[in-house]
Amino acid sequence: MRPLEDIEAALSRLVERPFAQRARGRPTLDVRNLLHQVTRHPRAEALLVAVNPTDLELLADLIPQIEAELAQSLEATGHGNAVVRFVADVGVSPGSFELRRWRPDITQAQPSLARPSRQEARYVLGVEGRGLVPVHCSPFRLGRAPDNDLVLDDSTVSRYHAVLELEADALAVTDLKSTNGTYLNGRRIYRSRLKGGDILHLGQLEIRVEKD
């Protein structure tokens, strides 16, 4: 497991200079303070990091890496299998952030927390026994529970197993602390971007990702 100091240094390298260059005089997100607040949060096993929509747009291509580093920081401080997600909120000032508890089993986030739609790209999922299923919204939730966007009747799939989201120019998948895991092309993942032709396994159920 990586030391917390190494994660802090990696986050600083990842965010500070690119954000300052893109922000062009706007207040800069303090990632060191963010890391400290995340690791000290009383409900750190599943957190939303709410930021200004413009800040989220500026960091769009870096968000998956930032979320992964923050999740690793929680694991390093004793919060195993933690989940951290960035969301946009117009009520948060530029350069600032707010930490909120996230419950992955809630199907709809508050409207103010919805990620901004930045593209028209469409994806379809080839599901065993179901044919092609369009990803018609973002976020797009998958699992056995009847209120998912795609209900999967498979005993190896968790009630709320994973979520797909459109981010920048790609589709991203996040595992929602499922029992049997989410696998991308044979490798277990927590969060990853997807491309056409990728093969997901939710438990033992195979799903092929295709761009429409």
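The values are calculated or read from the model by the stated rules, or taken from the named source; none is laboratory data. Every value quoted in this text rests on a predicted model; they were computed, and no experiment measured them. Virtual Cβ from ideal backbone geometry, glycine too; neighbours counted across all protein chains shown. Each accessible area value is taken on the protein alone, full model and side chains, heavy atoms only, with ligands, DNA and RNA left out. Shrake-Rupley method; radii C 1.70, N 1.55, O 1.52, S 1.80 Å.
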Next item on the list: Using the structure shown, decide if ARG159 is of a type in the set (Lys, Arg), part of a loop (DSSP other than H, G, I, E, B) and surrounded by fewer than 17 Cβ atoms within 10 Å (Cβ to Cβ).
Entry: yes
Next item on the list: May I ask you to say which residue of ASP61, ASP6, ASP55 is in a helix (DSSP H, G or I) and surrounded by fewer than 16 Cβ atoms within 10 Å (Cβ to Cβ)?
Entry: ASP6
Note to self: Of the conditions (1) assigned to a loop (DSSP other than H, G, I, E, B); (2) open to solvent by less than 40 Å² (accessible area, probe 1.4 Å); (3) over 16 Å from PHE97 (Cβ atoms), LEU29 satisfies every one except a single condition; which number is it?
What the structure shows: (3)
Margin query: I'm trying to understand the selection: among the residues of segment 197-212, which are modelled with pLDDT of 90 or more and either surrounded by fewer than 20 Cβ atoms within 10 Å (Cβ to Cβ) or in contact with a Lys or Arg (Cβ under 6 Å, 6 or more places away or on another chain) (or both)?
Written below: GLY197, ASP198, ILE199, HIS201, GLY203, GLN204, GLU206, ARG208, GLU210
Margin query: Return the residues of segment 162-212 that are in contact with a strand residue (DSSP E or B) (Cβ under 8 Å, 6 or more places away or on another chain), hydroxyl-bearing (Ser, Thr, Tyr), free of Cβ contacts under 8 Å to residues at least 60 places away in the same chain and not in a strand (DSSP E or B); say none if nothing qualifies.
Written below: SER178
Next item on the list: Kindly list the number of the only condition in (1) within 29 Å of ILE207 (Cα to Cα); (2) at pLDDT below 80 that fails for THR28.
Entry: (1)
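Report the residue count in segment 124-136 for those that are without any contact (Cβ under 8 Å) to a residue 24 or more places away in the chain and either in contact with a Lys or Arg (Cβ under 9 Å, 6 or more places away or on another chain) or closer than 25 Å to THR179 by Cβ (or both).
So the count comes out to 4.
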Next item on the list: Might you check whether a residue that is open to solvent by 50 Å² or more (accessible area, probe 1.4 Å), at pLDDT 80 or above and of a type in the set (S, T, N, Q) occurs anywhere in segment 97-111?
Entry: no
Checklist line | Extreme residue, nearest to LEU47 (Cα to Cα), among residues of segment 127-150 that are modelled with pLDDT of 85 or more and exposed (fewer than 15 other Cβ atoms within 10 Å of the Cβ) | finding: PRO134
